[in-house]
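Visitor: Let me give you the structure first, and then I'll get to my questions.
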There are 2 protein chains.
Amino acid sequence: MQNKIKPSLLPGFMELCPKEQLIFNDMVGRMIKVYEQNGCMPMDTPIIEKEEILLAKSAGETEKQVYRIANEKRKQALRFDLTVPFARYVVQNRNELTFPFKRYQLGKVYRGERNQKGRYREFYQLDIDVVNIARLATSYDAFVMSLAAQAFQSIGLESYVFQMSNRKILSGLLELLGVERQQEVMGAIDKYDKIGRESCEQEIEALIGKSKSGYIEEFLQLSGELEKMLQKLRVFSEKLRGQFCMEDAQPEGMGYLKMLEGIGELEEVVKTLKWLGVEDKNVKIELKIIRGLDYYTGAIFETIIKGNEGYGSICSGGRYDDLAALYTDLKMPGVGISIGMTRLFFVLKEIGFLENYRLPDESSYLIISLGDTLKECIAINQVLQRNGVKSEVYFNQDSLKKQLKYADAKAIEKVVIIGEDELKEGKLIIKEMNTGNQIKVNKEEWLANKSW
Amino acid sequence: MQNKIKPSLLPGFMELCPKEQLIFNDMVGRMIKVYEQNGCMPMDTPIIEKEEILLAKSAGETEKQVYRIANEKRKQALRFDLTVPFARYVVQNRNELTFPFKRYQLGKVYRGERNQKGRYREFYQLDIDVVNIARLATSYDAFVMSLAAQAFQSIGLESYVFQMSNRKILSGLLELLGVERQQEVMGAIDKYDKIGRESCEQEIEALIGKSKSGYIEEFLQLSGELEKMLQKLRVFSEKLRGQFCMEDAQPEGMGYLKMLEGIGELEEVVKTLKWLGVEDKNVKIELKIIRGLDYYTGAIFETIIKGNEGYGSICSGGRYDDLAALYTDLKMPGVGISIGMTRLFFVLKEIGFLENYRLPDESSYLIISLGDTLKECIAINQVLQRNGVKSEVYFNQDSLKKQLKYADAKAIEKVVIIGEDELKEGKLIIKEMNTGNQIKVNKEEWLANKSW
């Protein structure tokens, strides 16, 4: 006898049972419908790409996590997001695209992360991006967020919060303060949630000294409702201008202007989001978010499920003004947002959201053959299907009991039973699964009635 | 200035432009609808699995073509089909499944094949499988084929032919002839189309000697309409029985019985296909097909597009009685069929089928803002969308000409133009893109009319 293998998955990979898969697919279908209704085009790219393309702009962390193909001839790897391949696609196909090009894409991406709750090594992202040549209005930042909001609405998810910021504000602030080690300061802030306020502040102080770090601390603690927050940011930037800037043409002054630009963009996003019907309760300005991926240059956003911040962001993105720079001198600014479908599904399962998820009601039939009546069963099935009804024939010659159990397990509404007697008489037995009631009907009449 | 990278794909990977992607997705959507209407459940499995699972049953050819992940700790690879992971899934989740379990799955698979026309290294398969515990009626073989037929019908493809056989027939014949090197003979037949009749016959003769190879030649040349073919097979098997079998209990007799079993199954499939509405013109018995993958044990099928046989099979499958044997002693017979969506799409493009492919008609709008009217444009867009209309706002402040060009390129039917004058007057300009006609309407009336 052969040795048996234990059927199992690699750690960090998600797989769903059929009932969960139905819900997952329904969610994805609803979201895609939203994107299509808004004029986004479908896109698909290979999972494997040349390493030089995938890793050209990535920092150390990504490179450590990337899945590489074992191959002596060519360096190739699995994509770790859908944005880097998107940039490659847009440049490569730019003559066939209509700009501003709006796309959506569902696809699996791969990251060799440490195995932990809600983090998977293979996961689905559902992305929207808008990219244009030369110039892309700031209102598109709000547009992609509003599509994510519509996507959440389409599955009945209300308890989320977009946390947003604009990289120009912090970056401008650091320039204004004359801080040279910008990347390291941003790195420290990026860890804020993980290491806590105190450690974060200590790290920043060690990097740039106490006097300057005080301003960063003050900046990070700014909070309040949207309008209030924008006002606080303006007051804060004016205060620093008064203290640090001699002339606007100096580096400090440039920093101030950059800050102002970031605040202005944030303001425009807030305004446009309102117009687009995204409610204030779902939006927050959060200056502590950084987004690790280093291609963002303006707006950045993350999304948490209220009360479940610990699972991390389930939808993130931002503005990148220079993603195509790797390939071309053509300026192609873009903005994108990505729903982490696998993580979102995991969180929704954890918080019990899936238990109340309603799949669309649908009339469905099982046709049961008893004796030599398969041909007739198939014919009835065909009539039902031609009328758009979901219907299946049970082909195995099992007992009636077993076939009814099958219908029950699959939540099939009605069963048509055809035995040899019914066949001779031109009759059908119709059984309602939830009541158990069954009636014998005349076949021709029943088919003519179409009351299924 | 930075050195630029040429944006490109790895050889053997397909990528579509948005218009093609729309067609591809429409085709997949129609096919999936067929499968769901027939009670198939959705399934999804990881692209990366343990090597011990993927390669346990595979022969040398597969092993050479498999994509492996570079990893020192764990042997892992990319799936080369959806059937092997399906077997693993079914055993692993058997307590949560309803049997007979019918699934469909769309997914990418990977094979490092030589780069040639119609063969890709990454390609989509769209699979249906039915698996049961203990026993699965032969009519399910016809059922999965009929689903593929319905899938083809759903996209308007009529010029295909299922070529089918049953492994038991050839295998029984070889046993009856007392041939020991069965695998090698089957290997030679598998290459028939590639190397031609003469070379194939020479190879078989070299393997088993002239007297026996004559029977194989005769067998392979049997041809004719379905009923005729079944009759010829019966006559042929009786002839050989007369010449080779002394007693049924001898190995030769067992071979004869196996042949008979195969012919009987083929006959049942032919009969059930008719009941299921698959037309004779789309079905052929072709004894030369073998299907390389060695898990098949009964029915086998391939599908060619008439007049385009050179591209190979676009839909293949068969019966496997023992796929779960790797994991369990439980007998789990199954039958599956797989549409090679990427190859199918490639062939349909080559033969001009895509040019006449009709995407569903859909009313669509572009809302154009001229001057400071974006808020109003967004509001109009929302009304249209709430009524189910496909509609988008153009957010970039580009010239009217440029915006109309965008509408034209995206084949958008109607444009709503709102300038500052229209905003003040409560009017809208509606432009029909195909005629170029435009009228000014009262906003409230137009919205109330809902004549979009």
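Visitor: Among A:Leu447, A:Leu423, A:Leu370, which is the only one that is aliphatic (A, V, I, L, M), in contact with a Gly (Cβ under 7 Å, 6 or more places away or on another chain) and closer than 23 Å to B:Leu276 by Cα?
Guide: None of the others qualify; the one that does is A:Leu370.
Visitor: Just checking, does the stretch A:434-441 include any residue being of a type in the set (A, V, I, L, M), away from chain B (no Cβ under 14 Å) and either in a helix (DSSP H, G or I) or under 45 Å from the mean Cα position of the chain (by Cα) (or both)?
Guide: no
Visitor: A further question on this structure: Does at least one position in the stretch A:192-210 carry a residue that is surrounded by 14 or more Cβ atoms within 10 Å (Cβ to Cβ) and within 22 Å of A:Gly264 (Cβ to Cβ)?
Guide: For the stretch A:192-210, residues surrounded by 14 or more Cβ atoms within 10 Å (Cβ to Cβ) and within 22 Å of A:Gly264 (Cβ to Cβ): absent.
Visitor: Take the conditions touching a Gly at 6+ places or on another chain (Cβ under 9 Å), under 30 Å from B:Leu157 (Cβ atoms), small (Gly, Ala, Ser) and within 14 Å of another protein chain (Cβ to nearest Cβ) and apply them to B:Ser391. Does it pass?
Guide: Considered against the rule, which asks whether it is touching a Gly at 6+ places or on another chain (Cβ under 9 Å), under 30 Å from B:Leu157 (Cβ atoms), small (Gly, Ala, Ser) and within 14 Å of another protein chain (Cβ to nearest Cβ), B:Ser391 comes out as no.
Visitor: Let me ask something additional. Can you pull out the helices (runs of 4 or more DSSP H) entirely within the stretch A:9-101 that have at least 2 residues that are under 23 Å from B:Asn25 (Cα atoms), more than 10 Å from chain B (Cβ to nearest Cβ) and touching a helix residue (DSSP H, G or I) at 6+ places or on another chain (Cβ under 8 Å)?
Guide: Helices (runs of 4 or more DSSP H) meeting the threshold: A:18-37, A:83-92.
Visitor: Going through B:Gly178, B:Gly172 one at a time, which residue ends up being part of a helix (DSSP H, G or I) and in contact (Cβ under 8 Å) with a residue 40 or more places away in the chain?
Guide: B:Gly172
Visitor: Here's another thing I want to ask about it. Residue check: is A:Ala379 in a helix (DSSP H, G or I), without any contact (Cβ under 8 Å) to a residue 60 or more places away in the chain and among the small types (Gly, Ala, Ser)?
Guide: When the stated conditions are applied, A:Ala379 passes them.
Visitor: Regarding the stretch B:406-414, can at least one residue be identified that is of a type in the set (A, V, I, L, M), farther than 30 Å from B:Gly312 by Cα, within 13 Å of chain A (Cβ to nearest Cβ) and part of a loop (DSSP other than H, G, I, E, B)?
Guide: The answer is yes, given that some residue of the stretch B:406-414 is of a type in the set (A, V, I, L, M), farther than 30 Å from B:Gly312 by Cα, within 13 Å of chain A (Cβ to nearest Cβ) and part of a loop (DSSP other than H, G, I, E, B).
Visitor: Something else now. Looking at (1) in contact (Cβ under 8 Å) with a residue 12 or more places away in the chain; (2) surrounded by 13 or more Cβ atoms within 10 Å (Cβ to Cβ), which is the one condition that is false for B:Lys405?
Guide: Exception for B:Lys405: condition (1).
Visitor: Would you point out which residue out of B:Glu72, B:Glu36, B:Glu52 is more than 30 Å from A:Arg103 (Cα to Cα), in contact (Cβ under 8 Å) with a residue 12 or more places away in the chain and among the charged types (D, E, K, R)?
Guide: B:Glu52 is the lone residue from the list that is more than 30 Å from A:Arg103 (Cα to Cα), in contact (Cβ under 8 Å) with a residue 12 or more places away in the chain and among the charged types (D, E, K, R).
Visitor: Would you confirm whether or not the stretch A:181-194 contains a residue that is under 26 Å from B:Ser369 (Cβ atoms) and in contact (Cβ under 8 Å) with a residue 12 or more places away in the chain?
Guide: no
Visitor: Quick one: which of B:Phe219, B:Phe236 is closer than 19 Å to B:Arg291 by Cβ and touching a residue at least 12 places away in the same chain (Cβ under 8 Å)?
Guide: The match here is B:Phe219.
Visitor: Additional query: Hey, can you tell me all the residues within the stretch A:314-332 that are crowded, with 19+ Cβ neighbours inside 10 Å and under 14 Å from A:Asn166 (Cβ atoms)?
Guide: A:Gly317, A:Gly318, A:Arg319, A:Tyr320 - these are the residues of the stretch A:314-332 that are crowded, with 19+ Cβ neighbours inside 10 Å and under 14 Å from A:Asn166 (Cβ atoms).
Visitor: Is it the case that the stretch A:358-368 has a residue that's at pLDDT 95 or above, away from chain B (no Cβ under 14 Å), buried (at least 20 other Cβ atoms within 10 Å of the Cβ) and assigned to a strand (DSSP E or B)?
Guide: Looking through the stretch A:358-368, none of the residues is at pLDDT 95 or above, away from chain B (no Cβ under 14 Å), buried (at least 20 other Cβ atoms within 10 Å of the Cβ) and assigned to a strand (DSSP E or B).
Visitor: Related question: If you check B:Glu36 against the conditions, is it among the charged types (D, E, K, R) and closer than 30 Å to A:Asp361 by Cβ?
Guide: yes
The values are calculated or read from the model by the stated rules, or taken from the named source; none is laboratory data. Keep in mind it's a predicted model, so treat the numbers as computed, not measured. No Cβ is skipped: glycine too gets one built from the backbone with ideal geometry, and neighbour counts run over all protein chains shown.
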